[in-house]
1. Out of segment 20-75, which residues are of a type in the set (S, T, N, Q) and either open to solvent by 50 Å² or more (accessible area, probe 1.4 Å) or in contact (Cβ under 8 Å) with a residue 60 or more places away in the chain (or both)?
2. Restricting to segment 125-165, name every residue that is of a type outside the set (Val, Ile, Thr), more than 16 Å from VAL114 (Cα to Cα) and without any contact (Cβ under 8 Å) to a residue 24 or more places away in the chain.
3. Would you check which residues across segment 104-136 are in contact with a helix residue (DSSP H, G or I) (Cβ under 8 Å, 6 or more places away or on another chain) and either modelled with pLDDT of 95 or more or open to solvent by less than 50 Å² (accessible area, probe 1.4 Å) (or both) and list them?
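The values are calculated or read from the model by the stated rules, or taken from the named source; none is laboratory data. Computed from a predicted structure; not experimentally measured. Counting neighbours? That spans all protein chains shown, and the Cβs are built from the backbone with ideal geometry, glycine included. SASA here: full protein model, heavy atoms, side chains in, ligands and nucleic acids out. Shrake-Rupley method; radii C 1.70, N 1.55, O 1.52, S 1.80 Å.
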Amino acid sequence: HIEQAGIHSGDSACSLPTVSVPYNALVTIRKWTIALAKKLNVVGLMNIQWAVQGEDVYILEANPRASRTVPFVSKAIGVPLAKKASLVMSGQSLAEVGLKTEILPKHISVKEAVLPFNKFPGADILLSPEMRSTGEVMGIDSTFGGAYAKAEEAAGYWLPRSGCV
């Protein structure tokens, strides 16, 4: 996710693949994800919330369930992950359902939260651990900037064409 820790993941934008997490932190995340799933005997999907500060990695939360990010990741990589997970939970192996290696798309996908603040003038716009979004949209492009701009436009937000953001 692009926002700082402490913002509900449902209110956070995120990109796949990441464009800002350091390589060594990604190596740690991949290694710890596999180790944790094996230790917890997870079969199917597992939701892990990570915090990264520089190259230091922290696990905020981990539980054996799907999260609202699964449909976004499925669309971003072109694989129906919930369906594949249900087949694994019913006894098929990852290889049998066609998941042998991590899928890294050639494009960048950005998920953006749709927040209702424009419809409620005077509402408190401060984001917190309490989810406030009313939907999600997605932008896809060959660049992060292009994918982010498409997601912002789809969410109904406008980006200035000049000046500083």
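1. Matches in segment 20-75: SER20, ASN24, ASN41, GLN49, GLN53, THR69.
2. GLY145, PRO160, ARG161, SER162, GLY163, CYS164 - these are the residues of segment 125-165 that are of a type outside the set (Val, Ile, Thr), more than 16 Å from VAL114 (Cα to Cα) and without any contact (Cβ under 8 Å) to a residue 24 or more places away in the chain.
3. Correct list: PRO105, HIS107, ILE108, SER109, VAL110, LYS111, GLU112, ALA113, LEU115, ALA123, LEU127, SER133.
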